[in-house]
1. Determine the shape class of segment 170-230: with a ≥ b ≥ c the square roots of the Cα gyration tensor eigenvalues, call it rounded for a/c under 1.5, and otherwise prolate if a/b is greater than b/c, oblate otherwise.
2. Could you state the number of Å between the C-alpha centres of segment 50-128 and segment 272-295?
3. Run the numbers on segment 211-281 and let me know its relative contact order in percent, using alpha-carbon pairs under 8 Å that are six or more apart.
4. Let me know the shape class of segment 115-233, please: from the alpha-carbon gyration tensor, a ≥ b ≥ c as square roots of the eigenvalues, rounded when a/c is under 1.5, otherwise prolate if a/b is greater than b/c, or oblate.
5. Shape of segment 1-55 from its Cα gyration tensor (a ≥ b ≥ c, root eigenvalues): rounded if a/c is under 1.5, otherwise prolate when a/b > b/c, or oblate?
6. What lysines sit close enough to Lys167 to cross-link, taking a C-alpha to C-alpha distance under 17 Å and skipping anything fewer than 8 places away on the same chain?
7. List the lysines whose alpha-carbon lies under 29 Å from that of Lys292, not counting same-chain residues fewer than 8 positions away?
8. Multiply the residue gap between Arg173 and Thr82 by 0.36 nm, knock off their C-alpha separation, and tell me the result in nm, one decimal place.
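Bear in mind that the values in this text are calculations on the coordinates, not laboratory data. Since we're looking at a predicted model, the values are computed, not measured. So basically every Cβ, Gly included, is an ideal-geometry build from the backbone, and we count neighbours across all protein chains shown.
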Amino acid sequence: MSKRVLIIGSGPAGLTSAIYSVRGGLEPVVISGSLPGGQLMLTSEVENYPGFAEPIMGPQLMDEMRKQAERLGTKFVDTDATSVDFSSKTFKVVAGEETYEGDAVIIATGASAMWLGLDSEQRLRGRGVSACATCDGFFFKDKEVVVVGGGDTAMEEALFLTKFATKVTVIHRRDELRASKILQARAFENPKINFLWNTMVEDIVGRDQVEGVRVKNLVTGETSKIVCQGVFVAIGHKPNTEIFRGHVEVDEKGYAVRKNETRSSTDGVFVAGDVYDYVYRQAVTAAASGCKAALDAIKYLESSR
């Protein structure tokens, strides 16, 4: 009798783990959530995922991955997981009105970028607003962009964007950066990067594409407009681990803690993708970790028979 693995999350990590699970003789059930597909659903063109000579839209890539998993026999539950019980060898996940049971679990719920909370920000996502310079920086060649934030992520984004943009303006609410000293030094030394201190973004300007940002100086109260073609929000990411707290170990930032490559602190529960990875955060690395999690789950279930 084949074993059932419950996969929570349906981004590249979750779908890749489903593909490898079913090919390894398991019965994968993907609890994909009410908004399936992960962060790539918010990305326009994807040029850095191997296997596509021409750019592919993020939602299309996720649709192809899902169809592949479905063709192989993966079952999908398109509702959000709301609670879990990992206290026995039969793992339980509640989604909607149903409780799903499995012999192993792969947590692939990813992380969510933290946003400014502006209506214009949501409307222009994928149209000049991004939370990933590595993903989208190439599209801003010879353009002027803004980076919002003052931590390591913001400095890394700003430095990366100087490879493409003609000018990078860092907007920070405080009068000093929170980033590590080495990243600060690199940013201050880069002639393409300039800084707006004690400043917040009040609105992003543009109808169909970003045309600029309206900012407010928090000391003087003065408002002004900065012309730019891109806005990169770099105020951090939040791992989607709320329902797993108390069931698997997480660190002080909420990221899942691993015992080895993919094993969580709970035997039989594995992790894949951005739910633990706050360094690379790429579709291809998430997919690779989904493969590893599935292979480790298969090995675990074979050894427990």
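1. oblate
2. Cα centroid of segment 272-295 versus Cα centroid of segment 50-128: 13 Å apart.
3. Computed value for segment 211-281: 19 percent relative contact order.
4. Because a/c hits 1.5 or more and a/b fails to exceed b/c, segment 115-233 counts as oblate.
5. Details: a/c = 4.88, a/b = 1.72, b/c = 2.84.
Oblate, because a/c is 1.5 or more while a/b does not exceed b/c.
6. Within reach: Lys141, Lys143, Lys192, Lys225.
7. Within the straight-line limit of under 29 Å, Lys292 reaches these lysines: Lys3, Lys67, Lys75, Lys89, Lys92, Lys238, Lys253, Lys259.
8. Contour length minus Cα-Cα distance gives 29.3 nm.
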